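Q: One structure follows; several queries about it will come next.
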């Protein structure tokens, strides 16, 4: 009898039908053909033969990687955000095209790509960044096989293993020290940093906040936009865009102790909170100001993004359920929240282990 996933069925006329994939339509959905037999076993053996038979691919002729990469970029531009496309464009121009642009696509080999990976790692680029570059190249190859039937020779490229570095997070004492410093030096910059520390805002989201996003009656904050610097042609530009995902567009209750701080700095609804006017300030400027404030507060240096991790960890320790925390952070999956944003200190581990004291 047929097993689940075999695509073998018994028809009403008594014959057996087996379906097998022969490619993809232009909309990306798979295209199937069928074979028929008088028994299940006949169809199963025929399908095994078809699946193990060599696949015929079209030749891309003299088309270069550059030509096909440009086609892929033009196609993907229609389905991704401007910031994502800008990131793809930058990686293509800076890394992929100089290395492979002039090579005929049919001559691109796994050995060439693995050598590219080794060279990039030795130049000092992180494993994650190099993997992102290669994933872009692999996406192009997958598209070319699906749309044009060109052989994907780099499908099984082994990506470099990412070794994430542990973010330095402040202790509870240091967080209290920093919060007090910020509250006693209130201005647009310290206010945005407080919102990140106590509401988990990303740096681009903090830069994108306007006063119209603060509902003082309901005591909630709407995250509607993000600010980032993206590559554009030969230079860069500041892009004000919607948040990175649908889940990132969210409404967050404002802690009561921050309402008074916001009221004291309240400005024109159309103005950005950080700049105090209708012009946005970019994240790297806020990151620089953050570093300066840490020094003034007598605290060690850390990355701005660590504020978001501190917030998430504090929420878990305070008893937040993971689903609520995930929505506050703007994650589409609770797995992201747990695996990336929740950290445990030795103090916390000691308290948890103490709960396991046996009863004698």
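The values are calculated or read from the model by the stated rules, or taken from the named source; none is laboratory data. All of these numbers come straight from a predicted model, not from anything done at the bench. Neighbour counts run over all protein chains shown; Cβ positions are idealised from the backbone, glycine included.
Q: Can you go through 14, 23 and tell me which one is modelled with pLDDT under 95, loosely packed, with under 14 Cβ neighbours inside 10 Å and out of contact with any strand residue (DSSP E or B) (no Cβ under 9 Å at 6 or more places or on another chain)?
A: 14
Let's see how each residue does on (1) modelled with pLDDT under 90; (2) out of contact with any helix residue (DSSP H, G or I) (no Cβ under 9 Å at 6 or more places or on another chain); (3) closer than 30 Å to residue 271 by Cα:
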residue: 132; (1), (2), (3): no, no, no
residue: 139; (1), (2), (3): no, no, no
residue: 144; (1), (2), (3): no, no, no
residue: 150; (1), (2), (3): no, no, no
residue: 159; (1), (2), (3): no, no, no
residue: 167; (1), (2), (3): yes, no, no
residue: 175; (1), (2), (3): no, no, yes
residue: 178; (1), (2), (3): no, no, yes
residue: 182; (1), (2), (3): no, no, yes
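Q: Something else about it: Determine which member of the set 155, 166 is closer than 30 Å to residue 59 by Cα and either outside the structural domain of residue 225 (by TED's automatic domain parsing) or in a helix (DSSP H, G or I) (or both).
A: Exactly one residue qualifies, and that residue is 155.
Q: Let me ask something else. In region 220-316, which strands (runs of 3 or more DSSP E) lie fully inside it and hold 3 or more residues that are farther than 20 Å from residue 329 by Cβ?
A: 226-232, 235-241
Q: Residue 347 versus (1) at pLDDT below 90; (2) exposed (fewer than 15 other Cβ atoms within 10 Å of the Cβ); (3) over 22 Å from residue 173 (Cβ atoms): which is the lone unmet condition?
A: Only one criterion in (1) at pLDDT below 90; (2) exposed (fewer than 15 other Cβ atoms within 10 Å of the Cβ); (3) over 22 Å from residue 173 (Cβ atoms) is unmet by residue 347, namely (3).
Q: Another one. Could you pull out the residue among 117, 147, 135 that is part of a helix (DSSP H, G or I), farther than 23 Å from residue 236 by Cα and touching a strand residue (DSSP E or B) at 6+ places or on another chain (Cβ under 8 Å)?
A: 147
Q: Moving on to the next point. Do we find a residue being touching a helix residue (DSSP H, G or I) at 6+ places or on another chain (Cβ under 8 Å), under 28 Å from residue 170 (Cβ atoms) and surrounded by fewer than 18 Cβ atoms within 10 Å (Cβ to Cβ) anywhere in region 231-241?
A: Within region 231-241, not a single residue is touching a helix residue (DSSP H, G or I) at 6+ places or on another chain (Cβ under 8 Å), under 28 Å from residue 170 (Cβ atoms) and surrounded by fewer than 18 Cβ atoms within 10 Å (Cβ to Cβ).
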